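Here the structure is laid out as structure tokens; the discussion comes afterwards.
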Amino acid sequence: MSKRVLVVEDEAPIRELIALNLRLADWNVDEAESAERALELLAENQSYDVAILDVMLPGMNGFSLCELIRKNNNAIGIIILSAKSQEHDKIQGLSIGADDYMTKPFSVTELLARVEALCRRVGRTAVESDFQNLDRIQSGVFTLDKKSRILYKNDQSIDLTQVEFQIMELFFENQGTALVREKILERVWGENYFGDIKIVDVNIRRLRMKIEDEPSSPQYILTVWGYGYRWKG
Ligand code: CA
């Protein structure tokens with residue numbers, strides 16, 4: 001079955017260039033010139049693997065669209081495109097649930113590589129590991145159900161994106177061990193990820209908001225200064 005992608009961009013030449021290249025790479029592509037049109041397409045078809053969202057759109061912008069998509073779809077991979085290179089835009093995009101971020105002007109080849117990498121990630125059933133045969137892993141008050149891909153805290157389910165789930169998987173498999181950020185990036189985003197290491201920190205910040213009692217003084221995902229993070233279940 002062909003993989004499906006939704007390209008949301010109001011500038012026709014850019015949108016068509018992206019769509020053409022994705023089709024050449026065997027993707028099933030739908031195009032939307034606005035967030036409003038994208039929402040219609042998403043309502044008709046929930047089976048998109050990846051969505052590429054431009055930030056600057058007429059009407060609703062790409063950030064708001066991203067937030068809306070994430071409200072009822074954690075499985076889709078989301079890449080944000082922006083003409084702005086400011087760090088705070090990037091952080092905003094990632095903190096509202098995007099998985100990746102590219103700044104215009106970008107190389108279509110690199111965008112394609114990132115779409116493919118993201119699709120592999122969201123489509124993967126589990127990070128390869130010795131724990132493959134265990135369906136449920138327990139750590140303190142948390143339980144990670146690998147079959148349903150749901151994290152529970154005191155039997156309450158917590159909504160995670162696929163990327164967040166994979167980070168939790170990595171933590172659960174390395175309980176008490178300090179993980180260097182580069183390792184987290186490599187295991188979750190893939191070895192050929194071109195992006196910024198900060199994407200790890202942004203996802204950790206988002207995870208803390210979801211799982212910690214007090215996100216500002218975390219007791220489960222601990223920071224190892226100048227190195228990375230350590231899970232203490
Ligand atoms: Ca635009």
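Points worth noting:
- Close contacts from the stretch 44-61, counting a first residue that is in contact (Cβ under 8 Å) with a residue 40 or more places away in the chain and under 17 Å from residue 97 (Cβ atoms) and a second that is outside any loop (DSSP other than H, G, I, E, B) and acidic (Asp, Glu), with Cβ to Cβ under 8 Å and a gap of 6+ residues or different chains, come to 48/30.
- Per-region count, the stretch 35-47, residues away from the ligand (no atom under 16 Å from the Cβ), within 21 Å of residue 119 (Cα to Cα) and either in contact with a Lys or Arg (Cβ under 9 Å, 6 or more places away or on another chain) or part of a helix (DSSP H, G or I) (or both): 7
- Within the stretch 48-95, tally of residues that are assigned to a loop (DSSP other than H, G, I, E, B), within 16 Å of the ligand (Cβ to nearest atom) and among the β-branched types (Val, Ile, Thr): 1
- Selection within the stretch 6-26: residues that are over 13 Å from residue 111 (Cα atoms) and part of a loop (DSSP other than H, G, I, E, B). The member of this set that is farthest from the ligand (Cβ to nearest atom) is 26.
- Identity of the residue in the stretch 1-38, under 21 Å from the mean Cα position of the chain (by Cα) and among the basic types (Lys, Arg), that ends up modelled with the highest pLDDT: 4
- Selected residue (criterion: nearest to residue 21 (Cα to Cα)) from residues of the stretch 99-114 that are within 16 Å of the ligand (Cβ to nearest atom) and surrounded by 17 or more Cβ atoms within 10 Å (Cβ to Cβ): 111
- In this structure, residue 42 does satisfy being at pLDDT 90 or above and either in contact with a strand residue (DSSP E or B) (Cβ under 8 Å, 6 or more places away or on another chain) or surrounded by 14 or more Cβ atoms within 10 Å (Cβ to Cβ) (or both).
- Residue ranges of helices (runs of 4 or more DSSP H) in the stretch 139-233 with at least 2 members touching a Cys at 6+ places or on another chain (Cβ under 7 Å): none
- Test: residue in the stretch 67-90 that is more than 22 Å from residue 186 (Cα to Cα), touching a residue at least 60 places away in the same chain (Cβ under 8 Å) and in contact with a strand residue (DSSP E or B) (Cβ under 6 Å, 6 or more places away or on another chain): yes
- Boolean, residue 190 is touching a Phe, Trp or Tyr at 6+ places or on another chain (Cβ under 9 Å), farther than 18 Å from residue 220 by Cβ and at pLDDT below 85: no
- Residue identified as in contact (Cβ under 8 Å) with a residue 12 or more places away in the chain and surrounded by fewer than 21 Cβ atoms within 10 Å (Cβ to Cβ) among 31, 9: 31
- Any chance residue 52 is farther than 15 Å from residue 93 by Cα and of a type in the set (A, V, I, L, M): no
The values are calculated or read from the model by the stated rules, or taken from the named source; none is laboratory data. Nothing here was measured: the structure is a model prediction, and the numbers come from that model. With ideal geometry, Cβ positions are generated from the backbone for all residues, glycine too; neighbour counts draw on all protein chains shown.
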